[in-house]
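Enquirer: Just dropping this structure here.
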Amino acid sequence: MTRTVHCVMLKREAPGLDRPPYPGALGQRIFEEVSKEAWARWVGHQTMLMNEYRLTPVDPKARKFLEQEMEKFFFGEGSGLPEDYRPPG
């Protein structure tokens with residue numbers, strides 16, 4: 001049986017994640033309020049941020065930045081694009 005959530009991004013019922021994707025309270029909130037489809041959108045956005053800002057996940061400052069952007073992406077004003085970002089293609 002597929003677990004569903006009322007996704008904060010999609011504004012509708014959609015299949016939910018199988019487990020919290022991030023530790024702590026933020027991960028639990030994402031698990032409860034974000035769909036698999038919205039999470040996939042975040043993963044793509046996060047990859048772009050890591051590439052554009054040349055972030056490494058082992059750097060604590062980079063992890064903190066990405067956590068803040070993730071919270072904005074789902075529950076805030078949205079995570080913006082880097083100033084000089086040009087989409088591929």
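FYI, it's all coordinate maths here, none of it is from the lab. Predicted model only: the values in this text are computed from it and were never measured. Cβ atoms come from the backbone with ideal geometry, glycine included; neighbour counts cover every protein chain shown.
Enquirer: Which far-off residues, 5 or more places away or on another chain, put their amide H under 5 Å from the one on residue 79, with H placed in the peptide plane?
Expert: Sorted by chain and number, the residues that satisfy this are 73.
Enquirer: Under a 5 Å amide H to amide H cut-off, with H placed in plane at 1.01 Å, what residues pair with residue 5 once short-range neighbours are removed?
Expert: 14, 16
Enquirer: Pairing the Cα long axis of helix 24-33 with the longest principal axis of the chain, what angle in degrees results, from 0 to 90 and rounded to the nearest 10?
Expert: 60
Enquirer: Using a Debye calculation, one point per C-alpha and no hydration shell, please list log10 I(q)/I(0) for the stretch 4-75 at q = 0.16, 0.20, 0.28 Å⁻¹ in order.
Expert: Each listed q corresponds, in turn, to -0.55, -0.81, -1.30.
Enquirer: How much length is gained if the chain between residue 19 and residue 4 is pulled fully straight, taking 0.36 nm per residue apart and subtracting their Cα-Cα distance, in nm to one decimal?
Expert: 4.2 nm
Enquirer: Using the Cα centre of the chain as origin and beta-carbon charges of +1 (Lys, Arg) and -1 (Asp, Glu), tell me which of 81, 31, 55 is placed farthest towards the positive end of the dipole.
Expert: Farthest towards the positive pole: 31.
Enquirer: For helix 36-53, report the angle its Cα long axis makes with the longest principal axis of the Cα atoms of the chain; keep it between 0 and 90° and round to the nearest 10°.
Expert: 10
Enquirer: Placing unit charges on C-beta atoms (Lys and Arg positive, Asp and Glu negative, everything else neutral), compute the dipole magnitude of the chain about its Cα centre in debye, rounded to 20.
Expert: The calculated dipole for the chain is roughly 160 debye.
Enquirer: Let me ask you something else. Using Cα pairs closer than 8 Å and at least 6 residues apart in sequence, work out the relative contact order for the chain, in percent.
Expert: Answer for the chain is 22 percent.
Enquirer: Which lysines does residue 64 reach when only Cα atoms under 21 Å apart count, and residues fewer than 8 places away in its own chain are ignored?
Expert: 72
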